[in-house]
Each structure stands twice: as C-alpha cells, then as structure tokens.
Amino acid sequence: MIRPILLDTGPLVAFLNRRDRHHVWAAQQLGGLRPPLLTCEAVLSEACFLLRRLDGGTDAVFRLLERGLVSVVFRLADEAPAVRKLLARFRGVPMSLADACLVRLAEIHAEGAILTLDADFRVYRKHGRQVIPILMPRA
C-alpha cells in the first residue's frame, strides 16, 4: 500500500512560488511523490489567498486540481463535529481550520503523512494522543 500524502498550504505555496524560501524543497518533495496528494478546500483557499499577488498563482492551484495532482477528499459538512472538537482542543496552539481538517484527514487516512512547513503539526495529535507522521524540511 502506498502511503497517502496529505498536503498542507505551505508546501503548495512554496512549490508554486519560485521566490519562496522553501521552493526547492517543495519541488523536490512533490516531484518524488505519487499523485494525487490529498487535501481539503480550506488548504486550497489559504493557498489561493497567499498566491493572489503572484502572476498566475491562483490559476496554478486550480491546474494542479484539474490535472488530478491534488485531490480534495474531505467534506467539512460530514466532519464538522470532529473538526470542531480539534479546534477546541488545540485552540492554544492555535489551530487553523485548514490544520484541523488535515488532522482529521490524518485520522481518516491512518497511514497518511502530512506534507507541511508548519511546526505545529509536531504538537497536534490524531485520535487524542497519536503522533501524526509529517514530512517537513529540517530545521
């Protein structure tokens, strides 16, 4: 079985923005992973917002989606109670909606790893106390 990769906003933005300090790392990671990368609409929303000033930035997000390299496999309406509990549990971190959705995705896709630049994923836990596997650059 191939490990599902759950895509966070940071690597997506870094991959699409050549001026991002993590661009090379993100390009190497995404180039070596088997699509589709799984994500949620909250991640895509954050990425489009952060890339809005980059020429073609938001279009590039949609092209990845349309080509099937990134796949939205999360329906917030179905997972709202679990996501709400995560947001309450980690409010002191603080946890964004996108982060909560990714943690919930990690619970659903038990073998999955989150591709991220966000060190908060070292603090977040799935199913209460389980460490979430993450792929991120070394400090």
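No value in this document is a laboratory result; all are computed from the given coordinates. This is a predicted model, so every value here is computed, not measured. Backbone-built Cβ (ideal geometry, glycine too); neighbour counts: all protein chains shown.
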Relative exposure of ASP78, ASP99, judged by other C-beta atoms within 10 Å (fewest first): ASP78, ASP99
Can you give the net charge of the other residues whose Cβ lies under 10 Å from the Cβ of PRO133, counting K and R as +1 and D and E as -1? +1
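What's the extension gain from ARG63 to ALA88 if we count 0.36 nm per residue and subtract their Cα-Cα distance? It would help to have the intermediate numbers written out before the result.
Values: separation 25, 0.36 × 25 = 9.00 nm, distance 3.41 nm.
So the extension gain works out to 5.6 nm.
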